[in-house]
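> Would you mind keeping the following structure in view while I ask a few things?
Here, each number is a calculation from the coordinates, and none is a lab measurement. These figures come from a predicted structure and were not determined experimentally. Glycine also receives a Cβ, built like all others from the backbone with ideal geometry; neighbour counts cover every protein chain displayed.
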Amino acid sequence: MARERISQADEWQTWAQRYDIEGGTRTFESGLTVKVFFGALFVGLLMMPGSIYLSYVSGQSGAAAAPWVAVILFTELARRSFTTARRQELYMLLSLTGAAVGSGMQYRSFIWYAYFVNTPQAVSYEIADKIPAWVVPAGDSVGVLSRSLLHPDWLLPIGIYLATKLLGTLRFVSGQYILFRLTADLERLPYPMAPITAQGATALAETTGKQETWRWQVFSIGSMAGLLWGFIYIGVPALTGVMMSTPIQILKIPWIDFTQSIEGFAPTGVFALRTDFSQMLIGFVLPFPVVMSEFVTAMLSQFVVNPHILYRNEILHQWHPGLDVRAVGLFNGLDFYRSYDMGKNFSLGLVGMAASIPMIFKLRSSKKEAGQRGSLATPPNRGDFPLWLMGILWLIGMAGFVWLIHWMVPNFPLSFLLGFAFLYTPINSYITARTFGVLGRDLFEIPYLHEITFILSRYEEIDIWFAPLPDEDYGAGTQGWRVLELTGTTFTSNLAATLLIMPILIISGILVQHFIWQIAPIPSAQYPFVQMMWPINATHECLMKTSLRDGNSEMLQAIRGDYVAAGFTSSLAIYGLLWVFRYPSMWFYGIIGGIGADPGSMVARLLGAIIGRFYMIKRFGLKRWFMFNPVLAAGFACGVGLVGMGTVAIALVSKAVIVKPF
Amino acid sequence: MEKLASIIIIFGTILWLVSVLFLGGSWQWQMFAALILTIGIFTAHFWEELSEGRNKKTPKDDT
């Protein structure tokens, strides 16, 4: 029997409603109060050191989890003071604490370049002495050798960073808002990951009221699971790292590599089991068709397409036995997937335009109410801004940014900067906004765009590789605006809070990063994740930055027009055939995400999706499960945050005060 | 118009397969197939927007 056609409009609208568990009815209130502002600042700054430390130890900052601790403290204080906390306040607290915790990470690139400038790779590739002074001081400068960000050597890099930060705020706020209006208001994309934050805040707000509902119970279950998992995955390595030179890892971080085990029957295939099983919670939340089709496609890629088609036809030709997942990934990328992915990613943009352009054409003739697909009308009191005003702010921010880059690399052709700023950035951002609207993550990346630009510009100085080009992406940030909407927080209060807290975080972030750097060299045995990853990252960076030297680029030679065309056309064919045979367009995003990807990184997410689909939905019913799972995920994040921050704080303090005799 | 879009998409897909299997996978032929597929996909979406409201089926989670 032929499948019934469900238009994409109906498909997206249904998913959007499923993730909007309160049915779109809400009132909007300001979330910014004095107690929220200072509460966020206090807890955020307290947790920032742990977050930075965690990112060097395990590769995950925990910044997403830590704000829950602030919210729990806040709600407990409210309960004991016989007052209530509104969910708008709690969401604002989450948001501001998240910004405070993450503010130290903004200076991570300084630590990276301070390491990179003295690596053997940078020296042997003859770029160590050519890194501009506005990126990092010289490798033999006091600021680098004494591991001090407060040394005057760092004034220029930090000054440039601050200027870009201010202009960036203008661009990102306005750019994100415009895209949010297009994808959430006009297209009604579901934004599946947004309700996690929104429902977490709602659950905790209810605990301060007179009646507690199911939310608090579900949140607590998630928190306990998170505490347990956080102790195993983060706590044990962090605590044992205090006492031993090599920390104990109950589950190897970040993966268990089976690539060499499968090479006998699947040469050029990769399978590295990602040990972060908290991804199961993401599997609960994401649309089942996306998770399933992504995993199946990844399996087919690694076990059928790679070994039996691409390898046999010598398209994947650099592989040889004995390589691990990173090396196989690198060679497969150079041989085929970087080109293919480039074409594949372009297809996402075209598909997005194909879906939205007919709607824009129809806008003029149709009169729809707010909340309906195809309408740009805004809900009352949401605190919206005029689109024209945001457009002007974006133009000012971008023009200033282009001028600054032109000042940094005056000989680089201005026309290319303008092309990045006013052509590439809007298209790139729109595509990412769409993938966030459907998948809850970024999928769009055009590799080698800089390299192609540099070749075309005939600019040969190495400083351009270090300049912050205006190829930006505002798409990911659109999800935050959706969360504001789901929690009923006015957009204006959020903007005011962002502007108020920014100057404080700029100063405190640099102080904390400086302190962490003072504890031990980064990388070193105390920071296992960066010790494992940064050397290979340094090689990658050297390869990239010297790729155009002498007109001989190994990286650029990896780009082949026929493979790019194959990626572009095959993806369009997949999308078209799904439409012809009346399958949901959700599958397309899963398939595209899975092509060439490592299925081992998806196992936990798949398990979550299967448990959700075949047990939880039957147990609780579809509607209740979709109400539960964002709250569960929020609780889990909270639990991981609590245990992660606690253990990391212990490790941090002990390293600061104990000097080991060995 | 639905059938027209379907025919264009299927034709574009077949052309792409032919270009890969029998025409050496040259990028020119592949991009020509992509052009046809693009026309088909745009036609499909314009048809969907124009006929919005006729089909109001609720998609299931397991589809």
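> How high is the FRET efficiency from B:Ile39 to A:Ser415, r the C-beta distance, R0 25 Å, rounded to 0.05?
Approximately 0.20, to the nearest 0.05.
> Let me ask something else. How would you classify segment A:209-289 from its alpha-carbon gyration tensor, with a ≥ b ≥ c the square roots of the eigenvalues: rounded for a/c under 1.5, else prolate if a/b is greater than b/c, otherwise oblate?
Note, shape of segment A:209-289 comes out oblate.
> List every DSSP H helix in chain A whose Cα atoms extend 27 Å or more along the helix's own long axis and whose mean Kyte-Doolittle hydropathy is at least -0.5.
A:34-58, A:155-180, A:338-363, A:387-408, A:491-519, A:561-580, A:622-657
> Put a dot 7 Å past each Cα toward the Cβ at A:Phe361 and B:Met1; how far apart are the dots in nm?
With each label point 7 Å from Cα toward Cβ, the separation is 0.7 nm.
> Still on this structure: Multiplying the sequence separation of A:Ile158 and A:His540 by 0.36 nm and subtracting their Cα-Cα distance, what value in nm do you get?
Value of the extension gain: 135.0 nm.
> Now a separate question. Could you put A:Lys618, A:Lys35, A:Lys545 in order, starting from the residue whose Cβ has the fewest other Cβ atoms within 10 Å?
Neighbour counts put them in this order, fewest first: A:Lys618, A:Lys35, A:Lys545.
> Still on this structure: Taking segment A:574-640 as the region of interest, what is the percent of Cα-Cα pairs per 10 angstrom bin, listed from the shortest bin to the one with the maximum distance?
17, 32, 38, 11, 1
> Separate question: Give the separation of the Cα centroids, segment A:160-183 to segment A:459-524, in Å.
So the separation of the two Cα centres works out to 11 Å.
> Rounded to the nearest 0.05, what FRET efficiency do B:Leu23 and A:Ala133 give with R0 = 30 Å and r taken as the Cβ-Cβ distance? Could you check?
Efficiency at R0 = 30 Å is approximately 0.05.
> Alpha carbon centre of segment A:120-152 versus segment A:574-595: separation in Å?
48 Å
> Express in nm, to one decimal, how much length is gained between A:Val123 and A:Phe82 on full extension, taking 0.36 nm for each residue of separation and deducting their alpha carbon distance.
8.4 nm
> A further question on this structure: Between B:Ile14 and A:Met105, what is the spin-label point distance in nm, taking each point 7 Å from the Cα along the Cα→C-beta axis?
Taking the two extended label points, one gets 5.0 nm.
> For peptide A:558-566, compute the average count of partner chain beta-carbon atoms within 10 Å of each residue's beta-carbon.
Per-residue shielding by partner chains comes out at 5.
> Another question, then. Under 1.5 on a/c is rounded, so check that first for the protein assembly as shown, then, if it is not, pick prolate when a/b is larger than b/c and oblate when it is not; a ≥ b ≥ c are the square roots of the alpha carbon gyration tensor eigenvalues.
rounded
> Strictly over 32 Å apart at the Cα level, which of A:Lys344/A:Lys618; A:Lys35/A:Lys165; A:Lys252/A:Lys623; A:Lys344/A:Lys545; A:Lys130/A:Lys165 would you flag in this model?
A:Lys344/A:Lys618; A:Lys252/A:Lys623, as the Cα separations exceed 32 Å there.
> Between A:Arg188 and residues 5 or more places away or on another chain, which pairs have amide H atoms under 5 Å apart, with H built 1.01 Å from N, and which residues are they?
A:Gly374
> Right, next: Nothing charged except the Cβ atoms of Lys and Arg (+1) and of Asp and Glu (-1): what's the magnitude of the dipole of the protein assembly as shown about its Cα centre? Round to the nearest 20 debye.
Here the protein assembly as shown has a charge dipole of around 2140 debye.
> Residue separation times 0.36 nm, minus the C-alpha to C-alpha distance between A:Leu73 and A:Asp140: what's the value?
19.6 nm is the gain from fully extending A:Leu73 to A:Asp140.
> Still on this model: Starting from the 7 Å offset along Cα-to-Cβ, what nm value, one decimal, do you get for the label separation of A:Trp214 and A:Lys165?
Placing both labels 7 Å along Cα→Cβ, they lie 4.4 nm apart.
> Considering amide H positions built from the backbone, and no H for Pro or chain starts, which residues 5 or more places from A:Glu29, or on another chain, come under 5 Å of its amide H?
Placed amide hydrogens put A:Thr489, A:Thr490 under 5 Å from A:Glu29.
> How would segment B:2-50 be classified by its alpha-carbon gyration tensor: rounded, prolate or oblate, with rounded meaning a/c under 1.5 and the a/b versus b/c comparison settling the rest?
prolate
> Whole angstrom only: what separates the Cα centroid of segment A:283-338 from the Cα centroid of segment A:226-273?
So the two Cα centres are separated by 21 Å.
> Rounded to the nearest 0.05, what FRET efficiency is calculated for A:Phe422 and A:Ile650 with R0 set to 51 Å and r the Cβ-Cβ distance?
Here the calculated transfer efficiency is 0.55.
> Further, regarding this structure: Determine the sum of side-chain charges near A:Val36: Lys and Arg each +1, Asp and Glu each -1, restricted to other residues whose C-beta is under 13 angstrom from that of A:Val36.
For residues surrounding A:Val36, the net value is +1.
> Counting other C-beta atoms within 10 Å, which of A:Phe454, A:Phe614, A:Phe258, A:Phe219 has the fewest, and how do the rest follow?
So the residues, fewest neighbours to most, are A:Phe614, A:Phe258, A:Phe454, A:Phe219.
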